[in-house]
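Peer 1: I have a structure I would like to understand better, so I am pasting it below and will then ask my questions one at a time.
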Amino acid sequence: MFLSCTSVPENVSTVDVVPAIYPDYTSVTIPVGIAPLNFAMQDDSVTTVDVTVSGTKGETIHVNGDYADFPLDAWHSLVEQNRGGQLTVTVCAERNGQWTQYKSFPIYVSSYTLDDWGVTYRRIAPSYEIYSRMGIFQRDLSTFEERTLLQNTQSPGMCINCHTSGPQAELFHVRGEHGATVISSNGKVELLQARNDSLGGSMVYPAWHPGGRYVAFSTNKTSQMFHTQKTKRIEVYDSSSDVFIYDTQTHQILRDTLTMRLLWAENTPAFSADGRWLYYTTARRQVYPTDYDRECYSLCRVAFDEKTGRLGESVDTIAPPPTGDVQKDSIQKGSITWPRLSSDGRYLMFTRTDYGYFSIWHPEADLWLLDLQTMKSRPLDEVNSPRSDSFHNWSHDGHWFLFTSRRDDGLYTRLYFSAIGPDGRATKPFLLPQRNPKRYYSLSMYSYNTPEFITAPLHFDARDMGRRIDAAERVPTTTRNMYGQ
Amino acid sequence: MVMKTVVKNESKIKKERRREWKSNLAITVIALLAVGVFCYWRFSHVHIMAAREQSQLFLWTPEYFTERLAVPGGIAQYIGEFLVQFFVSPTYGALIYAALFLLSWWLSWIILRNIVQRAAAFLAIFPALVLWWLSTDIYIPMTPIVATVLALGAMCLYANKEANKKETSVSKRAEALTSENKTVGTAARSSSLSFSKQLLFFCFIAVMYWLIGPIAVLLVLCPLFSSALRPRCLISAVGLLVFAFCVVGSSWLTPYPLQKVARGIDYHWDMPLLGTEQEMAYDLLVRQGKWAKLAERYKHERPESQAIQNAAALAYFLTGQMSEGELRQLLSSSGKVLNSQASAFLISEVYMHTGLVNMSQRAAFEGMEAIPNHNKSGRALRRLTETALITGQTDIARKYIGILRHTTFYRSWANKMLPYTEQPDRIAQHPTYSHLRDVYAHTSDAFFY
């Protein structure tokens, strides 16, 4: 029989500095319903923390232990009570028997609700070419519960990637011996042939049309090369890429010369929230490896007609490529990738790098925000870090966004959340909560990848999926040229 | 009458002496075999033990334990990995294999003596030999070996001769009472005692299946030598059904296909990415810095592996048989070399010796990702910590050091490295890393594939 003794603050000395905690949840803004923002002191010599969280609109939580572990129900009640208000967090820490009380810090509770139930993501090691365990998971944002959707152990040797959700639909790719593009739509699951000869490659980066019938894809011939001396490890580049539309009803790949130009690389498609526009990035193809740092993507859009599946007649360039020396508007310099539009149609977020498009391996990668009303763009300095800040997606209500960042250690990608306020400013991002985050993230040797919000939990029969992936049966796709029609 | 008794006693004594002699002979044979097993591993196949050790990262954390417990056979895997971490010392590793050999023989003997009384000690050698033979296959990890030993141990619970004798006498007395008194109550009590024992046996099968994996099917043989489990055929048949149900049911709970679950999740490494024994042998020579021996061996063998050719080139350079220029020309681009775990770890060593830190980092990472059962690697993490410190990625180094501090044999090294993350400038005082950092900082960038 063991008795646990908690140490309570005695003879407390006060310091006028905010505590160095992990994760850094000081002054972040959170939605109602988010899981508790548990944290620990960064300093490992701290043995006990005594934390009080009080809401400006009432309620208080008090916890004591080796890290701040807030009870789930009490936390939710506190945050709900203080919607639109502020939580004040007071931390006392014990170190070598001495207690220190730190300056209190705020956590703001947004008045914007986050309606999405959770997020999906892939977890994979930040490896080079050989991959080991990976999987697609879904996480309930109001708790710490994570459920497996599919792991590559279900079909040994397979690589799963590019998972994305559409209107009552899911999509992901399987690479390897039993390759396929898996589309689950309205309860029906189809495994498409992984490659289409007329495309010359596979379907790669997907983007669902809001109507649910069409999916925009890029098709990429991707290669990697590795630096011998720089702290950049990997350069990912495409020897060719194009964008096309896939019709899920007819299984047709709709090709259009507008987005499949010779000597140009079209990539990273995204539909606008109303489905009337297809955004994508494009760059003049370069010679590799000598000109690897000259491939700069610009942002374009073309009209899309949902009734016919056709693209418009001309392409608009939203953000041009660099025209020489760095101009005042620094968007002139650099490369644009991963355009993502908010559901209210107001903003377009993208990642900007010095060159190329595979931003996660670029430490200089930052998030930018384009206001589609004013057509002015700016870097999200209030969100960005000195390390790679990359792949992002909006919540379905259009106020919140998530993104992947390597700000922790420069290699292992983590998931962060922020909101855009009515003034167009983003809030300080907070790390995806975990029950014991310091321990969890320090021991985890996997990165979070291609995250997305989902409105409800997904129901996935992983065993059946594994069986179907192993089976040879695939739905063939045909090609239809839309130009000249 | 007295003569007859004396003759009988003498005959009995002779029989007992013969039995004792046979027993001593069996023990002598098994002891010699155990010494043979020790010598096999310690002096002939150290490279295999080294390859096993580098294919895992045993952590003293609850998360590591619960991750293992989450799948059938997880406890066997956990114990197997606990043992394999000692392979960092070839002597400990060989002792562990010898101990497992002896243990498997002893447990087999306990079981067999209930079935085949006379030759049990000799017959028990065969299961031990089979297990040893399986352990020599690099694609069979320690898990099924440990699982089999645990299964044998579980079977022994039902094979205790003394207990069986008492059981027999108790059950006989119970039967006698029943037949004498012929009371329903006594008969019912005896019957329910028997039923609960059978139920316990079936539950035991299910529990053991989860702990050690499909080898738990051996437990269905227990009725052969346990008087508590009657009728034999029926109990074995039901036991088999329970086992099958557990296998099928567990495939719904784990992210593995039924075929893999039925065969044992960690019983065999399917992905052929471990590399050849030859590469493992050369890798060990590189790690030990036995350059002259490596060069000499290469001259005789001339293996085709590019990783080995690179290692041989380095050995020739370090023994003065090749110039630096010639060495640089011979070093292969990594894409052709990184085709297995063994070649990746081997070439990581070569790159590190030649100052190509980024390439060494990549090779170590690829080697770790190539581990067939998705384990991480202590050896790889140690190399990745070094390359991170040299290239100034202090936060990454700190992360890896934090993980290595949860190990048994990498902990002290990790503690020594920790100050370099707190004061990165101290790298300049390190005899090896400072030089590598200079090379890294002053060499032009180039691409490798």
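Nothing in this text is a laboratory measurement; each read-out follows from the coordinates by a stated rule. Nothing here was measured: the structure is a model prediction, and the numbers come from that model. Here Cβ is always computed from backbone atoms with ideal geometry, including for glycine, and neighbour counts include all displayed protein chains.
Peer 1: So how do A:Tyr67, B:Tyr256 line up by other beta-carbon neighbours within 10 Å, fewest first? Walk me through the numbers before you get to the answer.
Peer 2: Details: A:Tyr67 20, B:Tyr256 23.
So the residues, fewest neighbours to most, are A:Tyr67, B:Tyr256.
Peer 1: Report the local net charge at B:Ala307: Lys and Arg +1, Asp and Glu -1, summed over other residues whose C-beta lies under 12 Å from its C-beta. Walk me through the numbers on the way to the answer.
Peer 2: Working: positive: B:Lys336; negative: B:Glu279, B:Asp283, B:Glu304, B:Glu349, B:Glu366.
Neighbourhood net charge equals -4.
Peer 1: Tell me, what ³J(HN,Hα) does each residue in segment A:104-119 have, in order and in whole Hz, if you take phi through Karplus 6.51 cos²θ - 1.76 cosθ + 1.60 with θ = phi - 60° and put x for Gly and Pro?
Peer 2: 5, 10, x, 10, 8, 9, 5, 7, 7, 7, 9, 6, 5, 5, x, 9
Peer 1: Now for a separate question. Rounded, prolate or oblate for segment B:348-444? Axes are the square roots of the Cα gyration tensor eigenvalues, ordered a ≥ b ≥ c, and the cut-off for rounded is a/c under 1.5.
Peer 2: The shape class here is oblate.
Peer 1: Among the GluC sites (Glu not before Pro) in segment B:264-354, which ones are in a DSSP loop with at most 15 other Cβ atoms within 10 Å of the Cβ? Mind listing them?
Peer 2: Working: sites: B:Glu277, B:Glu279, B:Glu296, B:Glu301, B:Glu304, B:Glu324, B:Glu326, B:Glu349; in loops: B:Glu304.
Here the GluC sites (Glu not before Pro) that fit, given the DSSP loop and packing criteria, are B:Glu304.
Peer 1: Using the Kirkwood radius over Cα pairs, work out the Stokes-Einstein diffusion coefficient for segment B:338-399 at 37 °C and 0.692 mPa s, in µm²/s as a whole number.
Peer 2: Answer, rounded: 290 µm²/s.
Peer 1: Give a residue-ordered list of calculated ³J(HN,Hα) values for segment A:160-167 (Karplus: 6.51 cos²θ - 1.76 cosθ + 1.60, θ = phi - 60°; whole Hz; x for Gly, Pro).
Peer 2: 10, 8, 6, 5, 8, 10, x, x
Peer 1: Once you have a ≥ b ≥ c as the square roots of the Cα gyration tensor eigenvalues for segment A:355-485, tell me rounded if a/c is under 1.5, and otherwise prolate or oblate according to whether a/b is larger than b/c.
Peer 2: Because a/c hits 1.5 or more and a/b fails to exceed b/c, segment A:355-485 counts as oblate.
Peer 1: Separate question: Summing Lys, Arg as +1 and Asp, Glu as -1, what charge do residues with Cβ under 10 Å from the Cβ of A:Val12 carry, A:Val12 excluded?
Peer 2: Details: positive: none; negative: A:Glu10, A:Asp50, A:Glu94.
Surrounding charge for A:Val12 is -3.
Peer 1: With the crude spin-label approximation of a point 7 Å out along Cα→Cβ, what separation in nm comes out for A:Ala74 versus A:Glu190?
Peer 2: Once both label points are built, they end up 5.3 nm from each other.
Peer 1: For segment A:1-80, what is the largest minus smallest coordinate of the Cα atoms on each principal axis, given in angstrom and ordered from greatest to least?
Peer 2: Sorted from largest, the Cα extents of segment A:1-80 read 37, 35, 21 Å.
Peer 1: Picking from B:Arg18, B:Arg287, B:Arg426, which is most flexible by a Gaussian network model of chain B using Cα springs under 10 Å?
Peer 2: Its mean-square fluctuation being the largest, the pick is B:Arg18.
Peer 1: Over chain A, what is the relative contact order in whole percent, taking alpha-carbon pairs under 8 Å and six or more residues apart?
Peer 2: 14
Peer 1: Mind checking the angle between helix B:2-39 and chain B's longest principal axis? C-alpha axes, 0 to 90 degrees, to the nearest 10.
Peer 2: 20
Peer 1: Could you tell me the distance between the Cα centroids of segment A:98-131 and segment A:189-214, to the nearest Å?
Peer 2: 32
Peer 1: If R0 is 51 Å, what FRET efficiency do you get for A:Thr478 and A:Ser343 from their C-beta distance, rounded to 0.05?
Peer 2: 0.95
Peer 1: Using a 10 Å cut-off around each Cβ, can you sort A:Met445, B:Met142 from fewest to most neighbouring Cβ atoms?
Peer 2: In increasing order of surrounding Cβ atoms, one gets A:Met445, B:Met142.
Peer 1: Kirkwood hydrodynamic radius, computed over distinct alpha-carbon pairs, for segment B:206-274: how many Å, to one decimal?
Peer 2: Result for segment B:206-274, one decimal place: 13.1 Å.
Peer 1: Against the longest alpha carbon principal axis of chain A, how many degrees, from 0 to 90 and to the nearest 10, is the axis of helix A:72-81 turned?
Peer 2: Between the helix axis and the principal axis of chain A, the angle is about 80 degrees.
Peer 1: For chain B, what is the Kirkwood hydrodynamic radius in Å, using each pair of distinct C-alpha atoms?
Peer 2: Roughly 25.6 Å, rounded to one decimal.
Peer 1: Work out which trypsin sites (Lys or Arg not before Pro) in chain A are exposed loop sites (DSSP not H, G, I, E or B, at most 10 other Cβ within 10 Å) and give the longest gap free of them.
Peer 2: Numbers: sites that count: A:Lys307, A:Lys328.
The reported range is A:1-306.
Peer 1: How big is Rg to Rh over segment A:194-267, alpha-carbon atoms, Rh as the Kirkwood inverse-mean-distance radius?
Peer 2: 1.08
Peer 1: For B:Ser196 and B:Val116, what does the FRET efficiency come to when R0 = 22 Å and r is the distance between their Cβ atoms, rounded to the nearest 0.05? Please report the intermediate quantities before stating the final value.
Peer 2: Working: r = 30 Å, r/R0 = 1.37.
Efficiency at R0 = 22 Å is approximately 0.15.
Peer 1: Run lengths n ≥ 4 of DSSP H only: what is the helix-derived mean residue ellipticity at 222 nm for chain A, with -39500 (n - 2.57) per run over all residues, to the nearest 500? Write down the numbers at each step before the final one.
Peer 2: On the way: 3 runs with 26 residues, N = 485.
Computed mean residue ellipticity for chain A: -1500 deg cm²/dmol.
Peer 1: Note the angle between two axes, namely the Cα long axis of helix B:411-422 and the longest principal axis of the Cα atoms of chain B, as a number of degrees from 0 to 90, rounded to the nearest 10.
Peer 2: For B:411-422 against chain B, the angle is about 30 degrees.
Peer 1: Just to be sure I understand the model, the point goes 7 Å from the Cα along the line to the Cβ. What's the resulting B:Lys416 to B:His430 distance in nm?
Peer 2: The answer from the label model is 1.1 nm.
Peer 1: How much length, in nm to one decimal, is gained on full extension between B:Lys14 and B:Val130, taken as 0.36 nm per residue of separation minus their Cα-Cα distance?
Peer 2: 38.3 nm
Peer 1: Of all alpha-carbon pairs in the protein assembly as shown, indicate the percentage at a distance above 53 angstrom.
Peer 2: Considering the protein assembly as shown, 27 percent of its Cα-Cα pairs are separated by more than 53 Å.
Peer 1: What does the C-alpha gyration tensor say about the overall shape of segment A:1-134? Classify as rounded when a/c is under 1.5, otherwise prolate if a/b is larger than b/c, or oblate.
Peer 2: The shape class here is oblate.
Peer 1: Here is a further query. Could you compute the net charge surrounding A:Asn481? Neighbours are other residues with a C-beta less than 12 Å from the C-beta of A:Asn481; K and R count +1, D and E count -1.
Peer 2: Values: positive: A:Arg255, A:Arg310, A:Arg480; negative: A:Asp256.
That sum, taken over residues with Cβ under 12 Å, equals +2.
Peer 1: Additional query: Can you give me the Cα centroid spacing of segment A:339-416 and segment A:432-485 in angstrom?
Peer 2: If you average the Cα positions of each part, the centres end up 21 Å apart.
Peer 1: Let me ask something else about it. Could you identify which residue out of B:Ile75, B:Ile13, B:Ile427 has the top mean-square fluctuation in a GNM of chain B using Cα springs shorter than 10 Å?
Peer 2: B:Ile13
Peer 1: Separate question: Return the subset of A:Lys230/B:Lys416; A:Lys103/A:Lys376; B:Lys260/B:Lys336; A:Lys438/B:Lys336; A:Lys230/B:Lys336; A:Lys232/B:Lys376 for which the Cα-Cα distance in this structure is over 28 Å, preserving the input order.
Peer 2: Over 28 Å apart, Cα to Cα: A:Lys103/A:Lys376; B:Lys260/B:Lys336; A:Lys438/B:Lys336.
Peer 1: Between A:Ser111 and B:Lys293, what is the label-to-label distance in nm when each label sits 7 Å out along the Cα-to-Cβ direction?
Peer 2: 7.6
Peer 1: Quick one: work out Rg over Rh on the C-alpha atoms of segment B:77-153, Rh as Kirkwood radius.
Peer 2: We get a ratio of 1.01 for segment B:77-153.
Peer 1: Can you put B:His374, A:His459, A:His178 in order of Cβ neighbours within 10 angstrom, beginning with the fewest?
Peer 2: Lowest to highest Cβ neighbour count: A:His459, B:His374, A:His178.
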